[in-house]
Amino acid sequence: MTNYSKLYLAKPGKRIRLSKIDPANHEGLTHHGQAETRLKKLLGRIVELQAMLYAEKKQSLLIVLQGLDAAGKDGVVRHVLTGLNPEGVKVAAFKQPTGEEQSHDFLWRVHPHAPARGEIAIFNRSHYEDVLVARVHKLVPPKIWKPRYGMINDFERLLSLENETVILKFFLHISPNEQLARFKVRLDEPDREWKISNSDYSERELWDAYTDAFEQAIQRTSTKEAPWFIIPSDHKWFRDFAISQIIVDTLEGMRLAAPKPEVDIRQIRSEFSKAERKLSKKDRISVAQKVVKKEKAIRKEPGISTWTKDS
């Protein structure tokens with residue numbers, strides 16, 4: 001199997017040229033159907049590993065999603081992270097900052113959403129907006145946004161070293177033609193009209209400026225502690241498959257382990273046996289059958305959501 005963790009890694013310090021990366025690439029796979037079965041297994045493995053992460057409560061995972069409009073950030077949240085235990089997952093979407101947020105430093109609104117130990121946090125857009133939108137639209141002068149690269153690196157290093165947070169940053173790389181096709185779907189399907197924004201086409205005119213901003217941000221902030229992955233995203237099925245594999249590889253690399261029980265298991269087994277002996281034969285059989293059903297349910301892998309035209 002192709003190692004997407006290596007293939008799509010933006011190597012720290014390496015010059016980034018998005019024009020050299022094909023957004024329609026689907027390395028190692030030829031079609032949607034080939035990915036579907038494998039993706040189902042990957043999603044099942046993510047669920048298993050999240051349970052271990054939540055039980056262990058020693059480490060955490062932060063997933064950052066960035067990309068131009070219609071790149072598929074919402075789709076990744078919906079398809080790749082479906083089935084996770086909501087108790088151990090949180091999603092933060094960073095829109096235009098409020099007046100209160102603007103009166104603080106640019107990281108003030110971000111830090112409270114960082115994952116606690118045992119959690120997975122997903123940033124749908126993130127602190128990178130302050131070196132992307134802020135730069136492209138000249139909301140602040142270069143003397144303000146340029147030092148932010150270093151501040152972002154320091155912030156991510158803080159999360160990594162102080163709170164054992166593993167950070168994955170995904171840039172969802174799409175082509176202008178694919179973006180326009182997805183805009184068309186929004187126009188053609190009434191249940192997707194809510195996604196249409198007045199800024200969709202004005203922002204599209206700034207494609208080259210955003211490309212430059214993304215290249216600089218990725219190049220200057222892809223680090224050992226917080227690597228960037230540039231994911232070809234013209235094909236949604238491949239985008240989801242590649243990201244899922246990288247998440248599984250990362251979680252497995254964290255060497256998660258279930259914590260030792262805080263109770264005397266032998267004593268608890270004895271208590272269970274006593275309780276079981278008090279049951280009638282019929283009730284004991286019923287309990288045994290319930291155990292079998294639960295074990296089968298635990299082993300059963302979660303299904304995968306159907307891809308939609310505009311996710």
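No lab work stands behind these numbers, since they all come straight from the coordinates. Values in this document were obtained by computation on a predicted structure and should not be read as measured data. Positions of Cβ are backbone-derived with ideal geometry, glycine not excepted, and every protein chain shown enters the neighbour counts.
Scan the chain and hand back the longest stretch that contains none of the GluC sites (Glu not before Pro) lying in DSSP loops with at most 10 other Cβ atoms within 10 Å. Spell out each step's value before the answer.
Numbers: sites that count: GLU205, GLU262.
Answer from the scan: 1-204.
Can you list residues from other chains, or at least 5 along the same chain, whose modelled amide H is less than 5 Å from the amide H of TRP228?
The answer is ALA10, THR223.
I'd like the antiparallel share, as a percent to the nearest 5, of DSSP beta bridges with both residues in the chain. Walk me through the numbers on the way to the answer.
On the way: 2 of 25 bridges.
Around 10 percent antiparallel, to the nearest 5.
Compute the distance in nm between two label points, each set 7 Å from the Cα along the Cα-to-Cβ direction, one at ARG38 and one at TRP108.
With each label placed 7 Å out from Cα toward Cβ, I get 4.7 nm.
Amide H neighbours of ILE167 under 5 Å, at least 5 residues apart or on other chains, H built in the peptide plane: list them.
LEU62
Report, in whole Å, the centroid distance computed from the Cα atoms of region 247-274 and region 82-119.
That distance is 30 Å.
With a cap of 12 neighbouring Cβ atoms within 10 Å, and only residues DSSP puts in a loop, list the trypsin sites (Lys or Arg not before Pro) found in region 144-230.
Those satisfying the criteria are LYS224.
Determine the gain in length on full extension of the stretch GLU189-GLN96; use 0.36 nm per residue of separation and subtract their C-alpha separation, reporting nm with one decimal. All intermediate terms of the calculation are to be shown ahead of the outcome.
On the way: separation 93, 0.36 × 93 = 33.48 nm, distance 2.64 nm.
Length gained, GLU189 through GLN96: 30.8 nm.
How much length is gained if the chain between ASN163 and GLN216 is pulled fully straight, taking 0.36 nm per residue apart and subtracting their Cα-Cα distance, in nm to one decimal? Numbers along the way, then the final one.
Working: separation 53, 0.36 × 53 = 19.08 nm, distance 2.73 nm.
Gain in length upon complete extension: 16.4 nm.
So which of LYS6/LYS73; LYS41/LYS293; LYS11/LYS184; LYS14/LYS57; LYS90/LYS236 end up more than 26 Å apart by C-alpha?
Pairs exceeding 26 Å: LYS11/LYS184; LYS14/LYS57.
How much net charge surrounds THR165 when only the other residues with a Cβ under 12 Å from the Cβ of THR165 are counted, with Lys and Arg +1 and Asp and Glu -1? Walk me through the numbers before you get to the answer.
On the way: positive: LYS58, ARG117, ARG157; negative: GLU119, GLU156, GLU162, GLU164, GLU225.
Taking every other residue near THR165 into account, the sum is -2.
Which value, in debye to the nearest 20, describes the size of the charge dipole of the chain about its Cα centre when Lys and Arg Cβ atoms bear +1, Asp and Glu Cβ atoms bear -1, and nothing else is charged? The partial results should precede the final answer.
Values: 53 positive and 42 negative charges, 302 e Å.
Value, rounded to 20: 1440 debye.
Mind running the shape call on region 233-280? Use the C-alpha gyration tensor, a ≥ b ≥ c as the square roots of the eigenvalues: rounded below 1.5 for a/c, prolate if a/b tops b/c, oblate otherwise. Please report the intermediate quantities before stating the final value.
Numbers: a/c = 9.52, a/b = 2.73, b/c = 3.48.
Verdict is oblate for region 233-280.
Which entry is the computed volume of the Cα convex hull per residue in Å³ for this structure: [x] 213; [y] 260; [z] 178?
[z]
Would you calculate a helix-derived [θ] at 222 nm for the chain, using -39,500 (n - 2.57) for each DSSP H run of n ≥ 4 and dividing by the full residue count, to the nearest 500?
Working: 13 runs with 147 residues, N = 311.
For the chain, the value works out to -14500 deg cm²/dmol.
Would you kindly derive the ³J(HN,Hα) couplings of region 42-52 from the backbone phi angles with the Karplus curve 6.51 cos²θ - 1.76 cosθ + 1.60 (θ = phi - 60°), listing them in order in whole Hz, with x for Gly and Pro?
Per-residue couplings from phi come out as 5, 5, x, 5, 4, 4, 4, 5, 5, 4, 5 Hz.
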